[in-house]
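Notes follow the structure.
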Amino acid sequence: MNFFNRLQGVFFNPKDTLKAISEKPVWMDTMIVLLVVIMVFSVIVLPYAQKDQIQSLKSNVELQERLGEEAYQQQLDFLENPPKWFFIVFTVIGPLFTTMIGFFLPPLILLAFGRMVSTEGSYKQTLSVYLHASFVNNIFGNAVRLILILTRKSVMQTTTSLALFFPKMEITSTSFRVLSQIDFFQIWFFGILAFGISSVFKIDIKKSLFLSYGFWFLKSLLYIGLGALGSRFGG
């Protein structure tokens, strides 16, 4: 099955497509395409993210007082006139590093979960179905997010989660962090992933749905917890 057949299959026939991928795992071309998509997305949204950061800094009186006039001005100058390396870090190094962790770590955790209910399946199989299922979030989901960002000319509070229905909610609030985890494309992604998990570990769909959404739930709790911790120490 070539790449384009796998791509359209994930959206229109996910059960059979992920079953075929689990039987003949392939992931390198998929990973490369996803990396390119994420980097292009980062390049396009950079100016809007930069503008949001500047506006946020200018409106944060408490932070200005805490930093002091000189440190505040230095930070503002950095955001308004960033060095060339900042562009490289934001659009290449940063996305590459975080994405590689996001690609390779979750399948390892899912494999550990799978071992609790089955002796079948390998890391390569789990990685392959995970990457292909992530087409939903990383390609289609990012395309929708990009349209929203270009329309609103802002990255801040641009989301495809339940937080979308609460535009006045503070993005640093616990409520926003909780709602942002209930992302429509993430829910879709983990639902499709369950088909792949079922094929890899040779378990029924109920168990695979439990493993898939159980992983999503734990990941969400971790994100919410780290966000709350960051807010506490960040001020």
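Computed from the coordinates by the stated procedures, all read-outs in this text should not be read as laboratory data. Computed from a predicted structure; not experimentally measured. Here Cβ is always computed from backbone atoms with ideal geometry, including for glycine, and neighbour counts include all displayed protein chains.
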Practice task
Just name one of TRP85, ILE147, ASN137: the one whose Cα is farthest towards the positive end of the charge dipole of the chain (beta-carbon charges, Lys/Arg +1, Asp/Glu -1).
Solution key: ASN137
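With only Lys, Arg, Asp and Glu charged, each at its Cβ (+1 for the first two, -1 for the last two), find how big the charge dipole of the chain is about the Cα centre; round to the nearest 20 debye. Working shown, then result.
Working: 20 positive and 14 negative charges, 146 e Å.
Around 700 debye, computed over the chain.
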Problem - Nearest-ten-degree value, helix 94-114 long axis tilted from longest Cα axis of the chain - result: 40
Exercise for the section: Note down the relative contact order for region 15-234 as a percent, whole number, built from C-alpha pairs under 8 angstrom at least six residues apart. Expected result: 28
Handout entry: Theoretical gain in end-to-end length, VAL92 to ILE54 [0.36 nm per residue, Cα-Cα removed]
Key = 11.5 nm
Problem - Listed peptides 85-94, 207-216 by packing density, highest first (mean Cβ within 10 Å) - result: 207-216, 85-94
Practice task
Mind pulling the angle between the C-alpha long axis of helix 123-133 and the longest principal axis of the chain? Nearest 10 degrees, somewhere in 0 to 90.
Solution key: 60
Completion exercise
For the chain, whose charge dipole is built from +1 on Lys and Arg Cβ atoms and -1 on Asp and Glu Cβ atoms, the candidate among GLY9, LEU218, ILE203 with its Cα farthest towards the positive end is ILE203
Practice task
Given the peptides 116-123, 134-141, 5-12, arrange them by the average over their residues of other C-beta atoms within 10 Å, most packed first.
Solution key: 134-141, 5-12, 116-123
Exercise for the section: Would you mind getting me the FRET efficiency between GLN8 and LEU150? Use the beta-carbon distance for r and R0 = 22 Å, nearest 0.05. Expected result: 0.30
Problem - Estimated [θ] at 222 nm from DSSP helical runs (n ≥ 4, -39500 (n - 2.57)) normalised by residues in the chain, nearest 500 - result: -24000 deg cm²/dmol
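If packing is taken as the average count of other Cβ atoms within 10 Å, what order do 45-56, 188-199 fall into, highest mean first? Could you put the intermediate results ahead of the total?
Values: 45-56: 16.1, 188-199: 23.8.
Result, highest mean first: 188-199, 45-56.
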